[in-house]
Structure formats: C-alpha cells, structure tokens
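One structure below.
The values are calculated or read from the model by the stated rules, or taken from the named source; none is laboratory data. All values reported here derive from a predicted model rather than from experimental measurement. Here Cβ is always computed from backbone atoms with ideal geometry, including for glycine, and neighbour counts include all displayed protein chains.
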Amino acid sequence: MAESTRMTLRNIHIRETSAIDLNAILAVERTAFIDDEEVVTLTRDLLTDPTAEPLVSLLAFDGETPVGHILFTKAQIVGVDRCPLMHILAPLAVIPDYQKQGIGGKLIRAGLEKLRVLGSERCFVIGHMDYYPRYGFIPDAAAQSFPAPYPIPEKDKDAWMVQDLVEKATEIKGQIICADVMMKPEYWKE
Ligand SMILES: CC(C)(COP(=O)(O)OP(=O)(O)OC[C@H]1O[C@@H](n2cnc3c(N)ncnc32)[C@H](O)[C@@H]1OP(=O)(O)O)[C@@H](O)C(=O)NCCC(=O)NCCS
C-alpha cells in the first residue's frame, strides 16, 4: 500500500501522559524495542526520577490504541549552578505495524514544541545519524563543546546530537549530565 494511502487511514493523535498511562507506555516501548527490557526499565525509572523533571512524555494513539511514545528528560551542564533548562530525548518508540508512517517524526516535532513552551533552550539526543538530523539535530555535539555524559567512541561521535530550541540559547558550554537513572554507563555504551 502506498505511504500516502496508509497515512490517510490513520487517525493519529498525540497527548501528554499521566500516571495512569504507565502500562500503555511500557507496552509501546516493549513492542517497539522487541522485548529489550533495559529500555523498558529505563523508561519506567525515568518517569519517576525527580532529577528527570520537568519532563515531557507524549503518547501517540490510533483511535484508542497507543502506538508511539516519546520522552524528554532534564539535562544539565556539569558544575553550572542554575543551569538553563535543557533536555535529552530518550527513548523514542513506535510499534512495528505503525513505523514508517511519520508517527516518530510527529512525536519529535510535538515534543520539541512542548519543550519550547516549557522554556527549554536545548535538546540532546543519541541516535541514528540518518534520522534525527531530519528534525533539526546537529551531529557531534561534543564538537560544539557539549561532551556526552560518557565518552562516545570516535566512530560514533556524530550520533551524539544537539539542537537549540530558542534563538539565543545560553552560551554556557560544558559536559552534559542527565537524570540520575540515565547516568549509567550501560545506557551509553553504543
Ligand atoms: C526509530 C523509530 C522511532 C522511527 O519511527 P517511525 O514512526 O517509523 O519514523 P518516521 O515514520 O517518522 O520516519 C521513518 C523514517 O525513519 C527511518 N528510520 C527508522 N529507523 C531508523 C534507524 N534506526 N536508522 C535510520 N533511519 C531510520 C526510516 O527508514 C524512514 O525513512 P524514510 O522516510 O526515508 O522511509 C521506530 O522505527 C522505532 O520505534 N524503532 C525501534 C526503536 C528505536 O530504535 N528507537 C530509536 C532509538 S534512537
């Protein structure tokens, strides 16, 4: 079926989540990441980590069916008191039957807009270099003086990306740290 035809069949809407959505969120993550329990655990823990706040968590629905989820949690610069608000995007998940229909892109755009409303100045992501630049992320954030929480191998340096969300984002630079539960080396190994 042609992409444009499939799009018209879907009635996708996106909304912010609350505590009652936890099971739906984890089911989407588990299905999209094909039973990768590390991602499921990370998502669940981030949603209750006070150091992740303020966070933005969005679910995409086809009618009543949850089909995608995106989470943005707080990032900071090491050693900077009263750091301007910044976020990191992780994870992003769309269940397989709904992939390649623009839902991931819709979630990213909607999330970045929510971050702007919150007053967030920058967003970081570690992920696929063919995907996130479509939504404004610039590869190799370390080259822009924002080293990742853990060292990224040289061959993967472009996967650590950043974008400014406001016209004049703070000029303060430095090592990025994220919510406590994400500050584990295993989440940064590749
Ligand atoms: C990655 C993911 C969220 C994309 O969601 P989606 O709704 O399919 O994305 P969109 O429809 O907006 O965009 C699809 C495009 O992204 C590309 N894309 C998807 N996954 C990709 C990947 N891992 N690397 C590079 N490109 C990718 C597709 O090839 C497609 O490209 P095309 O438009 O040229 O055909 C979804 O595939 C997913 O949940 N994957 C499993 C979990 C995962 O890997 N999450 C991302 C962690 S960084």
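Within segment 63-90, restricting attention to residues that are within 22 Å of Asn23 (Cα to Cα) and out of contact with any Gly (no Cβ under 9 Å at 6 or more places or on another chain), which residue is surrounded by the fewest Cβ atoms within 10 Å (Cβ to Cβ)? Talk me through it step by step, then tell me what you get.
Filtering segment 63-90 down to residues within 22 Å of Asn23 (Cα to Cα) leaves 63-73, 89-90.
If we keep only those that are out of contact with any Gly (no Cβ under 9 Å at 6 or more places or on another chain) as well, we get 63-67, 69, 73.
On the way: Gly63: 9, Glu64: 5, Thr65: 12, Pro66: 18, Val67: 25, His69: 26, Thr73: 22.
Among them, the one singled out is Glu64.
Scan segment 30-47 and report the pairs whose first residue is in contact (Cβ under 8 Å) with a residue 12 or more places away in the chain and whose second residue is among the hydroxyl-bearing types (Ser, Thr, Tyr), with Cβ atoms within less than 8 Å and a gap of 6+ or a chain change.
The qualifying pairs are Glu38/Tyr187; Leu42/Tyr187; Leu46/Thr73; Leu47/Ser57.
Looking only at segment 108-132, which residues are within 13 Å of the chain's Cα centre (by Cα), near the ligand (Cβ under 10 Å from one of its atoms) and not hydroxyl-bearing (Ser, Thr, Tyr)?
Ile108, Arg109, Val125, Ile126, Gly127, His128
Of everything in segment 51-107, what is of a type outside the set (Gly, Ala, Ser), within 12 Å of the ligand (Cβ to nearest atom) and on the phi > 0 side of the Ramachandran plot? Give them in sequence order.
Lys100 - this is the single residue of segment 51-107 that is of a type outside the set (Gly, Ala, Ser), within 12 Å of the ligand (Cβ to nearest atom) and on the phi > 0 side of the Ramachandran plot.
Among residues belonging to segment 133-165 that are among the aliphatic types (A, V, I, L, M), in a loop (DSSP other than H, G, I, E, B) and at pLDDT 95 or above, point out the one that is nearest to the ligand (Cβ to nearest atom). Step through it out loud before you land on a result.
Filtering segment 133-165 for residues among the aliphatic types (A, V, I, L, M) gives 138, 141-143, 148, 152, 159, 161-162, 165.
With in a loop (DSSP other than H, G, I, E, B) added as a condition, the list becomes 148, 152, 165.
Add one more test, that the residue is at pLDDT 95 or above, and what stays is 148, 165.
Numbers: Ala148: 14, Leu165: 19 Å.
Within segment 133-165, the match that is nearest to the ligand (Cβ to nearest atom) is Ala148.
His13 is checked against (1) assigned to a strand (DSSP E or B); (2) surrounded by 16 or more Cβ atoms within 10 Å (Cβ to Cβ); (3) over 15 Å from the mean Cα position of the chain (by Cα) and fails just one. What number does that condition carry?
(2)
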